[in-house]
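See below for the structure under consideration.
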Amino acid sequence: MKLATYSANGLTRTGIVVGDQIVDSGIPGTMIDLIRDWDALRPGLEAKAVAGIGVPLSSVKLEAPVQRPGKIFAIGLNYADHIEESKMAVPERQVWFTKAQTSVNAPYDPIAIAKGTTTNDYEVELVAIIGKGGKHVSADNAAAAIFGYCVGNDVTERMWQHASPQWSLGKSFDTHAPMGPWIVTADEAGDPHKLGLRCFVNGEMRQDSNTSHLVFNIWQQVEHLSTGMTLEPGDVLFTGTPGGVGAAMNPRQFLAPGDIVRCEVDGLGYIEGVMVGES
């Protein structure tokens with residue numbers, strides 16, 4: 001099932017994407033509420049999807065599927081080619097950082113270049129959305145902790161990222177976590193370790209890889225994070241980016257106002273935003 005957060009007629013709601021239509025879920029609250037109560041709500045939502053009484057997707061505005069996640073974690077240095085181009089060693093332990101809630105952005109909204117910054121970069125990623133979650137979740141049981149998946153762009157301001165040992169500031173600028181266009185539930189997405197992912201800038205392919213190349217797979221990521229914290233419904237995990245980032249090109253190719261960045265993952269759709277200078 002494809003589940004979206006959308007705005008229409010001044011209201012923001014959740015819905016089921018069926019073809020080129022969106023069917024309102026009829027459920028009060030946010031996507032986090034829907035995920036938390038999924039087991040009870042699923043039969044009714046499946047019935048609504050079959051009935052298919054909705055409105056055209058083109059008539060609504062798609063928002064980030066989870067607009068205010070409790071936690072946003074992202075793993076760095078998790079594809080071998082990206083590690084090589086970054087001129088860093090393969091990490092022995094997982095390297096994590098956070099992105100601020102205020103970095104969340106809708107799938108097709110503009111992406112801001114903050115005043116005084118010139119080293120904005122793209123990073124296509126598969127994003128995992130936590131469902132049941134939990135603490136001390138083993139890798140063997142991690143699949144059951146995940147609700148679904150979507151496309152993400154871990155937009156990064158490189159100068160700010162590398163200005164200190166902690167990357168979070170350079171990763172947390174406003175609008176720098178576009179994701180969507182919807183959540184594909186885990187049962188429909190299939191094996192998350194066999195998905196092609198790509199990033200284009202102005203139509204030029206910059207990144208082209210497959211999640212089969214993850215250094216630490218998604219089950220290992222869930223196990224690692226849940227060792228120290230409880231993963232809750234709607235938490236967001238950016239699972240790593242492959243090689244091809246602008247900072248590693250020769251000469252470097254950072255994003256400029258007017259650039260159009262498209263990120264896509266097989267079976268999950270695509271997100272696309274235009275870079276705009278902050279006013």
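The set of residues from region 214-248 being assigned to a loop (DSSP other than H, G, I, E, B), touching a strand residue (DSSP E or B) at 6+ places or on another chain (Cβ under 8 Å) and either modelled with pLDDT under 95 or closer than 30 Å to Met159 by Cβ (or both) comprises Val215, Phe216, Asp235, Thr239, Gly240, Thr241, Pro242, Gly243, Gly244, Val245. Filtering region 80-94 to residues that are of a type outside the set (S, T, N, Q) and either crowded, with 22+ Cβ neighbours inside 10 Å or farther than 28 Å from Pro181 by Cβ (or both) leaves Ala80, His82, Ile83, Glu84, Glu85, Lys87, Met88, Ala89, Val90, Pro91, Glu92, Arg93. Evaluation of Trp167 against the conditions (1) among the aromatic types (Phe, Trp, Tyr); (2) over 19 Å from Cys263 (Cα atoms); (3) modelled with pLDDT of 95 or more shows that the sole unmet condition is (3).
Tallying residues that are assigned to a strand (DSSP E or B) and among the β-branched types (Val, Ile, Thr) within region 194-213 yields 1.
Condition check ((1) of a type in the set (A, V, I, L, M, F, W, C); (2) surrounded by fewer than 19 Cβ atoms within 10 Å (Cβ to Cβ)) across all residues:
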| residue | (1), (2) |
| --- | --- |
| Ala163 | yes, yes |
| Pro178 | no, no |
| Ala189 | yes, no |
| Cys199 | yes, no |
| Glu204 | no, yes |
| Ser209 | no, no |
| Leu214 | yes, no |
| Gln220 | no, yes |
| Gly243 | no, yes |
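Once region 1-22 is narrowed to residues that are free of Cβ contacts under 8 Å to residues at least 40 places away in the same chain and outside any strand (DSSP E or B), the residue that is surrounded by the fewest Cβ atoms within 10 Å (Cβ to Cβ) is Gly10. The helices (runs of 4 or more DSSP H) located wholly in region 76-192 that include 1 or more residues which are assigned by TED's automatic domain parsing to the domain that holds Leu214, farther than 16 Å from Thr241 by Cα and not hydroxyl-bearing (Ser, Thr, Tyr) occupy 158-161, 168-171, 186-189.
Considering only residues in region 23-37 that are part of a helix (DSSP H, G or I) and touching a strand residue (DSSP E or B) at 6+ places or on another chain (Cβ under 7 Å), the one that is farthest from Ser59 (Cα to Cα) turns out to be Ile35.
The values are calculated or read from the model by the stated rules, or taken from the named source; none is laboratory data. These numbers come from a predicted model, not from an experiment. FYI the Cβ positions are ideal-geometry reconstructions off the backbone, even for glycines, and counts take in every protein chain you see.
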